[in-house]
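The values are calculated or read from the model by the stated rules, or taken from the named source; none is laboratory data. Note that the structure is predicted; figures quoted are calculated from it, not measured. Note that each Cβ is placed from the backbone with ideal geometry, even for glycine, and that neighbours are counted across all protein chains shown.
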Amino acid sequence: MIGPIFRWIKGFVKPPQSARLDLSRRQLLASGAAGIGAAYLFHTHPLGRQRSYNPDLVRPPGALAEEEFLSKCTRCGECMKVCPTNGIHPAAFEAGLEGLWTPVLKMTIGYCEYECTLCTQVCPTGAIRALTVAEKQRVKIGLAYFDRNRCLPYAYARTCIVCEEHCPTPKKAIWFEEAQVTTPAGEKVTVKQPRVDPELCIGCGICVNKCVIKGQPAVLVSSVGESRNPANGLLLNSGGPYGG
Amino acid sequence: MARKQRTSRLVWLRRGVQGVFLLLFLYLFLETEYHPINLAGAHVKLFFQLDPLAMLTAWLASHAVAAGMLLSLATLAVTLVFGRWFCGWICPFGTLNNLCTSLRGARAKAKLETGGYGGWQKAKYYVLVVFLGGALFGVNAAGWLDPFSFFFRSMTTAVYPVLNDAVSSLFGWLYDANPGIGPVRVTAVSEPIYEILRRHFLAVEQPHYVGNVLIGFLFGAVIALNFVRPRFWCRYICPLGALLGIIGKNPVVRLNKSAEACNNCRLCLADCQGGANTPDAGQWKPAECFYCFNCRSDCPTEAISVGFGTQPDSHEKTAVVK
């Protein structure tokens, strides 16, 4: 019994010529150096070590802090397949070349469904950690903001409350301020102008998805204030919006 | 030319196992969707959890591993002792490339020219080392070329949306046009079929993904490369295959090629999937072998047998029939 085991181990140490991989030491070193060099290139990209944040890079809920997320994500597409709103997409360069094909939310195509944790269930590597529905509903993946040059009550003196109606948080993260505005005909009317409460908004993006202005909606979500990257906050030195 | 051999039972067994795992992969792909209430399908991450490349690079880059990924240690253990069976019997992307290679319908002469071992097969080991080097310094990009990630990502963002759209529009067209003769209409057949497809295979809503064109193009290119060389992806690119090749280069299951029985017809090269055979009789590259046993099945003189044993000592001269 010892003999064969010994010979087996010897096969690893001193394989016969025909069974060798014949890899060139020089090319192996060059390959390793290429990988390490690329790693440093990626690190020194402004997004690499969180020197800056891409507002368009909204990750699924449960996604780890960006650096940790990228070190785990295997870009398999499970979260993209399972997302019931078709909201998760393979990134192009939102996270730099390093983040090619990692998941990013596109709110004009889908959004993050309030009662859903499917992407957190299917991630095989833990880049998106498993969340209960209650936990997920407290995670901020971004923050909505209005484009007052496009939003109907601001830009055109028209009534519209679609975003507020869809807002899923128990206390609506979109609230109204009544304002007296002038129509193109010169008529004075009162409209409800929507605002975002940064304490309540979790960045789910359903307001973006349902906004009546298509293409480039009048309400958008950026990654600022996301729970996973405390430094990507609204206020300096905060653990999220308003100190968190 | 040697007489036509019957495909061996071992090869049919291997094909069966491959089919089961490919179907399992596709089943789990379809299961990766919403189930009431708020549940993804069970075990949908299984193949990724069996993937030692994903585990290793994530561990190197993040110094932590999701508990489920430890299942991949079983893959490593089996490969260490028995060799790269995973590529030949289990990997669903390997099986897909295997199928496409079979479909190319190459002539025997072309098969003999392209079937054997070639130096470019080393490329995948360098691909692996690039990813490992990056992972060691915190960048885990192996998912670009990890076979399960490549396959699943392409299926999700490119292949499935295309199939879903094509099938839906075909049945939609049949429903609208409803051709037929007299009272016999096509919809009498097409609608029940559509109902089954809709219930079990089609998406609730047509999916659309940003970046689908590039991902679909790359997937198509990898499939097309099977026409250049058998299982091109597995031989030249796959970093998981490279990892398993390194781990499994000294297996205890061995292909014994008898130099005495060999008539040097080189038919063992014709259907070799991994490019593990060299024209020299008696020689075999275990790191490239998928244990498909096509060579054993093809050999007209039954010179190739499978057995347990250890690597022959390096000082032994391997007999070569010229």
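Taking the conditions exactly as written (farther than 28 Å from B:PHE48 by Cβ and among the small types (Gly, Ala, Ser)), does B:GLY211 satisfy them or not? Judged against the criteria, B:GLY211 is not a match. Quick check: is even one residue across the stretch A:50-64 more than 9 Å from every other protein chain (Cβ to nearest Cβ), assigned to a helix (DSSP H, G or I) and modelled with pLDDT under 95? No, because not a single residue in the stretch A:50-64 is more than 9 Å from every other protein chain (Cβ to nearest Cβ), assigned to a helix (DSSP H, G or I) and modelled with pLDDT under 95.
Condition check: touching a strand residue (DSSP E or B) at 6+ places or on another chain (Cβ under 8 Å) and closer than 24 Å to A:ALA65 by Cα. Does A:CYS207 satisfy that? So A:CYS207 fails the test.
Yes or no, residue by residue, for (1) farther than 30 Å from B:ASN98 by Cβ; (2) out of contact with any Ser or Thr (no Cβ under 9 Å at 6 or more places or on another chain):
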{"position": "B:LEU163", "(1), (2)": "no, yes"}
{"position": "B:ASN178", "(1), (2)": "yes, no"}
{"position": "B:THR187", "(1), (2)": "yes, yes"}
{"position": "B:ARG198", "(1), (2)": "yes, no"}
{"position": "B:GLY216", "(1), (2)": "no, no"}
{"position": "B:PHE219", "(1), (2)": "no, no"}
{"position": "B:LEU225", "(1), (2)": "no, yes"}
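Residues considered: B:LEU99, B:LEU112, B:LEU60. Of these, the only one that is under 30 Å from A:GLU66 (Cβ atoms), of a type in the set (A, V, I, L, M, F, W, C) and surrounded by fewer than 23 Cβ atoms within 10 Å (Cβ to Cβ) is B:LEU60. Scanning the stretch B:107-139 for residues that are more than 14 Å from every other protein chain (Cβ to nearest Cβ) and in contact (Cβ under 8 Å) with a residue 24 or more places away in the chain gives B:ALA108, B:LYS111, B:LEU112, B:THR114, B:GLY115.
Meeting the requirement of 1 or more residues that are of a type outside the set (D, E, K, R) and surrounded by fewer than 20 Cβ atoms within 10 Å (Cβ to Cβ), the helices (runs of 4 or more DSSP H) wholly within the stretch A:152-224 are A:152-155, A:162-166.
The lone criterion from (1) in contact with a Cys (Cβ under 8 Å, 6 or more places away or on another chain); (2) modelled with pLDDT of 95 or more; (3) within 14 Å of chain A (Cβ to nearest Cβ); (4) within 25 Å of B:LEU13 (Cβ to Cβ) left unmet by B:ASN97 is number (3). In summary, B:VAL20 fulfils each of the numbered conditions (1) surrounded by 16 or more Cβ atoms within 10 Å (Cβ to Cβ); (2) assigned to a helix (DSSP H, G or I) with the single exception of condition (1).
So that you can scan it fast, the table gives a plain yes or no per residue for (1) at pLDDT below 95; (2) within 10 Å of chain B (Cβ to nearest Cβ); (3) in contact with a Leu (Cβ under 8 Å, 6 or more places away or on another chain); (4) in a loop (DSSP other than H, G, I, E, B):
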residue: A:PHE69; (1), (2), (3), (4): no, yes, no, no
residue: A:MET80; (1), (2), (3), (4): no, yes, no, no
residue: A:ASN86; (1), (2), (3), (4): no, yes, no, yes
residue: A:TRP101; (1), (2), (3), (4): no, yes, no, yes
residue: A:LEU131; (1), (2), (3), (4): no, no, no, yes
